[in-house]
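Working notes, beginning with the structure itself.
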Amino acid sequence: MRVRNWIAVLVSLLLLAAAGGVAIMVNRSALSAADTVHRADSTELGTNNATLTGQLQLLSAQELAQVLAEHSLSLAEGDASDHALLVLAASKSATFQYGMMLTDSAGKVLNASRATGLPTGDDAGWAPMRKQFAGGAKVGFSSVMTVDNIPLAAVAVPVMVAGVPVGFLIGLNQVAITSLQKYTAQLATGSHRTDVVDSSGTVAASSVPDLIGGRTEAPIVAQLGATGTRFVEYRSGSTDMIAIVVGGLPSGYSYIRTQTKSTFDGAVHRRSQTVNITLLAMLLIGVVAISVLGYRSQVQRRRADERFQALFQHAPDIVTVIDTDGRMIFTSPSSAAILGFEPGMLVGQSVFELVHPDDQASMRERLQSILTDPAGVLRLQCRVRAATGHYRWFDFTASNQMANPALNGVVINARDVSENRAFQERLAHEAQHDPLTGLPNRRRMQDALGSSLRRDPVAVLFVDLDGFKPVNDQFGHEAGDELLRQVAERLSGCIRAGDVLSRVGGDEFVVLMPGVLGPGDVEAMANRVRMVVEMPFRIAGQHVTIGASVGVHLAGPAEDPDSALRAADHAMYEIKRAGGSRSRSRVLDRIGRHRAEA
């Protein structure tokens, strides 16, 4: 009997040791998979944010290109008309209010909107811009340059004559108050820091504003200049750090997200260590526990269940196993915390009942394809209904485990990405809308005009405010901004459903009227625009009256969008020269001429 007992104990110990070893291997495998997915997600998020950062930088260059498109420059050193244009353009600019410069092709300053506070010609920050133009770039970006303790950055576009660059129009922005800094500040969290740095490692934008103008960490500087995404691990004092560095921006800058290694690895690593320690402890406890042979099976079953619950109870992802019909045969306990369903409630239900109706067809097709591939793995994003009835975005990673007898199903690992997706959509929206008025910006308007002209005629109304500058000068920029917001609100209220209203410049708006064939509707719209603009505004406690010069162009289908916009712009300037909003009859004359030419 004693021998049989020892044999039973030995067998039980071997079984318990084997079970513990398998659990540790599974835990390590799960940890490795979670690390891989986490790094892939972090890389994708960093790349998306870097792409949006690059788009914001290129948008600033469009302001300079617009100045060259609308005005001619003499390029004579100290020319008064060039100086006046630079001063006016800088005052209207949303990005380059610090100042604008005009240089010849060799970099010699010919004119500037301000007499002091300009970077010197031998400042090392000009080197990246010169290198970009030497390589044939259409836009150049400088490194951060400090003048009078103010960090500045320059953006330049070439002044072309007969296809040859004869000079450069340069805009200077104060990096601490740019749109890029405002967007970067919105990324601030307690767990990580977001920076945008130039090629030398100087911080141009940061979620910690006090770092602007300073240098980023030396291990990160060593990784700058290369394209793509890299993970840089280093120590800061006694703290292990990790940074995601995304290079290759058109400006030569890099996007950097920095955090401690412990916050990056998160609770998954800590929980893995806890599980391993727990498993080892249970092995020791099992030596004593299995001495009571009659209670051994029941203890092992209960302990195995506790291990399983410890692995998934507080995991940040939902793990689900579904059969070939899509019915859930297992869901991890984390589904209760993430989706709000009671534990066990989802077992037996179809996974497609939780998926948004618009995403069901795609998910059925993708899951059907993975069932035909024994080693198939897929990733997709779709909306999943929570217990409250609201839908949230999840990133799914599904693998075919039908051949695995322990699972016999498709294993889905789902991570809630609603916040990341909402952030990306918000950034995409802000990149195409005017931050002051919320209206579509010039880029969005040009896309809408080009799309409409593929199938319908479009009436283009170019609106320029008369008397805006005196209001702005007398009451200040804040009052000027408030006036622009009120004008945008009034214009939004007088356009038709389906029309597009956009702000394309300082005090310039464009109205697109798709499907308009004759001048009658256009004349009525132009009259409404003038009428609502000429009504008094309440600004800074005062009643302010302005006017509007409205240039009109009737564009036929397939007409070039840029030509249509320029025609409306020229029509507006004709009215402006004739006395602005006081010469209303010229609008109808202009419409009649375009109709006759058509």
Item to check | Hey, N48 modelled with pLDDT under 85 and not hydroxyl-bearing (S, T, Y) or not | outcome: no
Checklist entry - Any idea which residue in segment 11-45 is farthest from R379 (Cα to Cα), counting only those that are at pLDDT below 80 and under 27 Å from the mean Cα position of the chain (by Cα)? => result D35
Checklist entry - So which strands (runs of 3 or more DSSP E) stay within segment 370-488 end to end and still have 1 or more residues that are more than 24 Å from E508 (Cα to Cα) and not hydroxyl-bearing (S, T, Y)? => result 377-385, 391-401, 409-416
Checklist entry - Among R530, R538, R485, which is the only one that is of a type in the set (K, R), under 19 Å from N441 (Cα atoms) and in the same structural domain as S452 (by TED's automatic domain parsing)? => result R485
Next on the checklist: Regarding segment 261-272, can at least one residue be identified that is aliphatic (A, V, I, L, M), at pLDDT below 80 and either in contact with a helix residue (DSSP H, G or I) (Cβ under 9 Å, 6 or more places away or on another chain) or surrounded by fewer than 16 Cβ atoms within 10 Å (Cβ to Cβ) (or both)?
Outcome noted: yes
Checklist entry - Of the residues L102, L118, L73, L68, which single one is surrounded by fewer than 22 Cβ atoms within 10 Å (Cβ to Cβ), touching a helix residue (DSSP H, G or I) at 6+ places or on another chain (Cβ under 8 Å), closer than 21 Å to G140 by Cα and touching a residue at least 24 places away in the same chain (Cβ under 8 Å)? => result L73
Item to check | Which listed residue, of L75, L68, is under 25 Å from P470 (Cα atoms) and either assigned to a strand (DSSP E or B) or out of contact with any Lys or Arg (no Cβ under 9 Å at 6 or more places or on another chain) (or both) | outcome: L68
Checklist entry - Can we say L187 is under 17 Å from N49 (Cβ atoms), assigned to a loop (DSSP other than H, G, I, E, B) and in contact (Cβ under 8 Å) with a residue 60 or more places away in the chain? => result yes
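A quick yes/no check of all residues on (1) under 23 Å from R442 (Cβ atoms); (2) at pLDDT below 90; (3) in contact with a Gly (Cβ under 8 Å, 6 or more places away or on another chain):
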site: G556; (1), (2), (3): yes, yes, no
site: P561; (1), (2), (3): yes, yes, yes
site: H570; (1), (2), (3): yes, no, yes
site: R590; (1), (2), (3): yes, yes, yes
site: A596; (1), (2), (3): no, yes, no
Next on the checklist: Where the second residue is basic (K, R) and surrounded by 11 or more Cβ atoms within 10 Å (Cβ to Cβ) and the first is in the same structural domain as D395 (by TED's automatic domain parsing) and lies in segment 359-384, which pairs have Cβ atoms under 8 Å and are six or more apart or on separate chains?
Outcome noted: D359/R383; L378/R366; L380/R366; Q381/R421; R383/R392; V384/R392
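Yes/no matrix, rows are residues, columns are (1) farther than 21 Å from L52 by Cβ; (2) in contact with a helix residue (DSSP H, G or I) (Cβ under 9 Å, 6 or more places away or on another chain):
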{"residue": "A414", "(1), (2)": "yes, yes"}
{"residue": "Q432", "(1), (2)": "no, yes"}
{"residue": "P435", "(1), (2)": "no, yes"}
{"residue": "Q446", "(1), (2)": "no, yes"}
{"residue": "L449", "(1), (2)": "yes, yes"}
{"residue": "R454", "(1), (2)": "yes, no"}
{"residue": "L461", "(1), (2)": "yes, yes"}
{"residue": "D466", "(1), (2)": "yes, yes"}
Checklist entry - Which residues, taken from segment 91-121, are of a type in the set (S, T, Y) and within 17 Å of G78 (Cβ to Cβ)? => result T103, S113, T116
Next on the checklist: Show the residue pairs meeting these rules: Cβ distance below 7 Å; 6+ apart or different chains; first residue within segment 485-504 and touching a residue at least 60 places away in the same chain (Cβ under 8 Å); second residue surrounded by fewer than 21 Cβ atoms within 10 Å (Cβ to Cβ) and in a helix (DSSP H, G or I).
Outcome noted: V500/A448; L501/S492; S502/R442; S502/R444; R503/A488; V504/R442
Checklist entry - Can you tell me which of T95, T53 is in contact with a helix residue (DSSP H, G or I) (Cβ under 8 Å, 6 or more places away or on another chain), surrounded by 15 or more Cβ atoms within 10 Å (Cβ to Cβ), hydroxyl-bearing (S, T, Y) and assigned to a loop (DSSP other than H, G, I, E, B)? => result T95
Next on the checklist: I'm trying to understand the selection: among the residues of segment 484-510, which are of a type in the set (V, I, T) and within 27 Å of the chain's Cα centre (by Cα)?
Outcome noted: V500, V504, V510
Checklist entry - Counting residues that are crowded, with 22+ Cβ neighbours inside 10 Å, which strands (runs of 3 or more DSSP E) fully inside segment 491-562 reach at least 1? => result 500-503, 508-514, 547-555
Checklist entry - Do any residues in segment 82-93 that are on the phi > 0 side of the Ramachandran plot have Cβ atoms under 8 Å from those of residues that are surrounded by 17 or more Cβ atoms within 10 Å (Cβ to Cβ), where the two are at least six apart or on different chains, and which pairs are they? => result none
Next on the checklist: Can you tell me how many residues within segment 109-138 are outside any helix (DSSP H, G or I) and within 24 Å of L85 (Cα to Cα)?
Outcome noted: 14
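Yes/no per residue for (1) within 24 Å of L427 (Cα to Cα); (2) in contact with a Gly (Cβ under 9 Å, 6 or more places away or on another chain):
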{"site": "L52", "(1), (2)": "yes, no"}
{"site": "Q57", "(1), (2)": "yes, no"}
{"site": "Q66", "(1), (2)": "yes, yes"}
{"site": "S72", "(1), (2)": "no, no"}
{"site": "L75", "(1), (2)": "no, yes"}
{"site": "W126", "(1), (2)": "no, yes"}
Checklist outcome for this item: Taking segment 202-251 and keeping only residues that are among the hydroxyl-bearing types (S, T, Y), part of a loop (DSSP other than H, G, I, E, B) and over 25 Å from the mean Cα position of the chain (by Cα), one is left with S238
Checklist entry - Based on what the data block shows, is D481 over 17 Å from the mean Cα position of the chain (by Cα), surrounded by fewer than 18 Cβ atoms within 10 Å (Cβ to Cβ) and farther than 20 Å from Q97 by Cβ? => result no
Checklist outcome for this item: Of the listed residues (G99, G107), the one being small (G, A, S) and within 28 Å of the chain's Cα centre (by Cα) is G99
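The values are calculated or read from the model by the stated rules, or taken from the named source; none is laboratory data. Given the structure is predicted, the values throughout are model-derived calculations rather than measurements. Every residue, glycine among them, receives a Cβ derived from its backbone with ideal geometry; neighbour counts consider all protein chains shown.
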